[in-house]
Amino acid sequence: MSTPTLRVAVVGAGPAGIYAADILSKTDLDVSIDLFERLPAPFGLVRYGVAPDHPRIKQIIVALHKVLERGDIRLLANVDYGTDLKLDDLRQFYDAVIFSTGSIRDAALPIPGIDLDGSYGAADFVSWYDGHPDVPRTWPLEAQHVAVLGAGNVALDVARILAKHADDLLPTEVPANVYDLLKASPVTDVHVFARRGPAQVKFSPLELRELGHVPDVDVIVYPEDFEFDEGSMAAIHSSNQTKQVVKTLTDWTLKEPEELTASRRIHLHFLHKPVEILGEDGKVVGIRTERTALNGDGNVTGTGQTHDWPVQAVYRAVGYFGSPLVDIPFDDVAGVIPNREGRVVDVDGEHIPGVYATGWIKRGPVGLIGHTKSDASETIRHLGEDVAEGGDAFYTATDREPKAVDEFLAARGVDVITWTGWELLDAWERSLGEPHGRERVKVVPREDMVAISLGRDVPTA
Ligand SMILES: Cc1cc2nc3c(=O)[nH]c(=O)nc-3n(C[C@H](O)[C@H](O)[C@H](O)COP(=O)(O)OP(=O)(O)OC[C@H]3O[C@@H](n4cnc5c(N)ncnc54)[C@H](O)[C@@H]3O)c2cc1C
């Protein structure tokens, strides 16, 4: 008996899932791949995380689009793993399942006051400004002075979007509701607080330099925050990235006060650890930071010296965190699916046959889009080895025809959106942008996205 076509489900159509599907499709295996996505549109955080004023990065969608446009990988969007189907269902139709569900929520920051009104997670704000269909359409932009806690690119994104004049976002795909609220924002000062020193921040050189070019926004740094210990010097010498970041920051310390004429400012503070969000009547009125000191190896200890900053809103950008999936093990500490190089393992560390992970849900929410490609290669290499080793025994699915899963979802009343559906939505969004010389205007309400993709009447039109 000849070996049947291997049936593989990939769950999550962000970059990790699309790269994994692409790499798998190019192996020697005779394989048929279905790519599931809970949202009505593919591309994950490239569409719903990367800031709208980063069109160059958003262009990665062009490459991902080309992969799916080929037609050999089937997209089944608007299908939620956990609600619309679960592992046992997938096992009925597929020999292997790869989870690439990424991360969408904020990591916790357990300091007093974190639950006050006016204290927000960066992930929620990002979802809002990027027009994620499952978050509220409004955002309370009432603060004049804002604190952003964190020392990575997401902190920079949040600070930049808050400080930027809304009209400078107009050429981008920023949704109309987001533009309107940003336009009315009274913000003048955004303070970014990093716990460690300038040589320890995780900013990318390009993203940092970009801050210096935002129209009518000054970047201010404070010379007293510039401390370099042995660990810092080692970091500067061993990493070109760190060297560039430190150079950009140091150049900013040389600015003369009369050069600072903008109506809005982003202040970058180093060696300030947030210890408490201050509140009055349940609302944020300030942030207390503790001065830290480098202790030789690049880490810091608190000095006990605190400073209160009057701010009316606080955004924590201290990292993303994965979400658990039904019937799949989850590491509550790391926020990932426990795995060995992409092979998902149970509590005893044994590989759960046919179950794999890739992308942020595999290795945690760090790294750029490009990293998800090498990640996917590793996972697919192991899947290939397992197929070779398992021989015919690997082929466990009982309902192998692609239409079987379509019938299963139809019977459950799921409005599956295929690649053709995405093409309709893509064309619609482009047509909204065209009269204004913009590449696209995003459709935000989920029900509208679904209706457009399925060629139905648009509810809110
Ligand atoms: C705010 C922000 C800005 C960023 N900016 C940049 C940048 O400028 N440059 C850069 O290189 N990288 C950037 N990144 C990093 C980049 O977005 C990630 O490296 C990458 O998106 C991770 O890919 P992923 O596929 O693992 O996860 P994701 O992109 O999160 O994709 C996961 C997909 O799985 C889907 N999913 C989740 N749960 C389910 C479920 N139960 N059923 C079905 N589908 C599900 C999600 O809807 C999503 O589409 C940024 C990240 C963030 C958060």
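The values are calculated or read from the model by the stated rules, or taken from the named source; none is laboratory data. Every value quoted in this text rests on a predicted model; they were computed, and no experiment measured them. Cβ coordinates were reconstructed from backbone atoms using ideal geometry, including for glycine residues, and neighbour counts include every protein chain displayed. Areas reflect the complete protein model, heavy atoms only, side chains present, ligands, DNA and RNA absent. Shrake-Rupley method; radii C 1.70, N 1.55, O 1.52, S 1.80 Å.
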Worksheet item: How much length is gained if the chain between Thr138 and Ser431 is pulled fully straight, taking 0.36 nm per residue apart and subtracting their Cα-Cα distance, in nm to one decimal?
Response: 103.0 nm
Worksheet item: When ranked by the protection proxy of mean other Cβ atoms within 10 Å per residue, highest first, what sequence do the peptides 316-329, 221-234 form?
Response: 316-329, 221-234
Fill in: Dipole-positive endmost among Gly421, Gly354, Asn339 within segment 332-461 (Cβ charges, Cα centre)
Gly421
Discussion item. What number comes out for accessible area per residue over segment 314-411 if the probe is 1.4 Å? Units Å², please.
Written reply: 48
Worksheet entry | Pairwise FRET efficiency - Arg56 versus Ala404, Cβ, R0 = 25 Å, nearest 0.05 | 0.05
Worksheet item: Using the C-alpha atoms of the chain, what convex hull volume per residue, in cubic angstrom, is computed?
Response: 163
Discussion item. Which one, Ser25, Leu64, Leu90, is farthest towards the positive end of the dipole of segment 25-121 when Lys and Arg carry +1 and Asp and Glu -1 on their Cβ?
Written reply: Leu64
Worksheet item: With axes computed from alpha carbons, what is the tilt in degrees of helix 15-25 against the longest principal axis of the chain, rounded to the nearest 10 within 0 to 90?
Response: 30
Worksheet item: What ³J(HN,Hα) values, in whole Hz, does the Karplus curve 6.51 cos²θ - 1.76 cosθ + 1.60 give for segment 181-194 when θ = phi - 60°, with x put for Gly and Pro?
Response: 6, 5, 4, 8, 5, x, 4, 10, 9, 10, 9, 9, 10, 10
Item to complete: With r as the distance between the Cβ atoms of Ala393 and Asp348 and R0 = 30 Å, compute the FRET efficiency 1/(1 + (r/R0)^6) and round to 0.05.
Response: 0.90
Worksheet item: Peptides 387-398, 264-275: what's the order by average Cβ count within 10 Å, highest mean first?
Response: 264-275, 387-398
Worksheet item: Under a point-charge model restricted to the Cβ atoms of Lys and Arg (+1) and Asp and Glu (-1), what is the dipole moment magnitude of the chain relative to its Cα centre, in debye to the nearest 20?
Response: 660
Discussion item. Sort 143-150, 306-313, 209-216 by packing, meaning the average of other beta carbons within 10 Å per residue, with the highest value first.
Written reply: 143-150, 306-313, 209-216
Practice prompt. Round to the nearest 10 and give me the degree value, 0 to 90, for the angle of helix 153-163's Cα axis relative to the longest principal axis of the chain.
Written response: 60
Worksheet item: Tell me, what is the per residue accessible area of segment 190-255 in Å², probe radius 1.4 Å?
Response: 47
Worksheet item: Using the Karplus equation 6.51 cos²θ - 1.76 cosθ + 1.60 (θ = phi - 60°), what ³J(HN,Hα) coupling, rounded to whole Hz, does each residue of segment 223-238 give in order, writing x for Gly and Pro?
Response: x, 5, 8, 9, 10, 10, 9, 4, x, 5, 4, 4, 5, 5, 6, 8
Worksheet item: Among Lys183/Lys442; Lys86/Lys403; Lys66/Lys373; Lys58/Lys442; Lys86/Lys362; Lys164/Lys243, which pairs are too far apart, with a Cα-Cα distance over 22 Å?
Response: Lys164/Lys243
Worksheet, complete the sentence: Computed about the Cα centre, the charge dipole of segment 55-98 from +1 Lys/Arg and -1 Asp/Glu charges at the Cβ has a magnitude in debye, to the nearest 20, of 380
Response to the item:
Whole-Hz Karplus couplings 3J(HN,Hα) for segment 382-388, θ = phi - 60° and coefficients 6.51, -1.76, 1.60, Gly and Pro as x, run 5, 4, x, 4, 5, 5, 4
Item to complete: Just check segment 387-431 against the gyration tensor rule for me: Cα atoms, a ≥ b ≥ c as the square roots of the eigenvalues, rounded for a/c under 1.5, and otherwise prolate or oblate depending on whether a/b exceeds b/c.
Response: oblate
Response to the item:
Ranking Leu6, Leu45 from most to least accessible area with a 1.4 Å probe gives Leu45, Leu6
Fill in: Whole-number D in µm² s⁻¹ for segment 199-301, Kirkwood Cα-pair radius fed into Stokes-Einstein, 37 °C, 0.692 mPa s
214
Practice prompt. Using only Cα atoms, find the angle between the long axis of helix 60-69 and the longest principal axis of the chain, and express it within 0 to 90 degrees, rounded to the nearest 10.
Written response: 10
Worksheet item: Counting only protein heavy atoms and using a 1.4 Å probe, what share of the accessible area of the chain belongs to carbon plus sulfur, as a whole percent?
Response: 53
Item to complete: Can you pull a Stokes-Einstein diffusion coefficient for segment 322-461 at 10 °C (1.306 mPa s), Rh from Kirkwood over Cα pairs, as a whole number of µm²/s?
Response: 85
Discussion item. Restricting to DSSP H runs of at least four residues, report the calculated mean residue ellipticity at 222 nm for the chain, -39500 (n - 2.57) per run over all residues, nearest 500 deg cm²/dmol.
Written reply: -9500 deg cm²/dmol
Worksheet item: Accessible area per residue, 1.4 Å probe, Å², for segment 7-131: what's the number?
Response: 32
Discussion item. Out of the trypsin sites (Lys or Arg not before Pro) in segment 28-119, which ones are loop residues according to DSSP with at most 14 other C-beta atoms within 10 Å?
Written reply: Arg70, Lys86
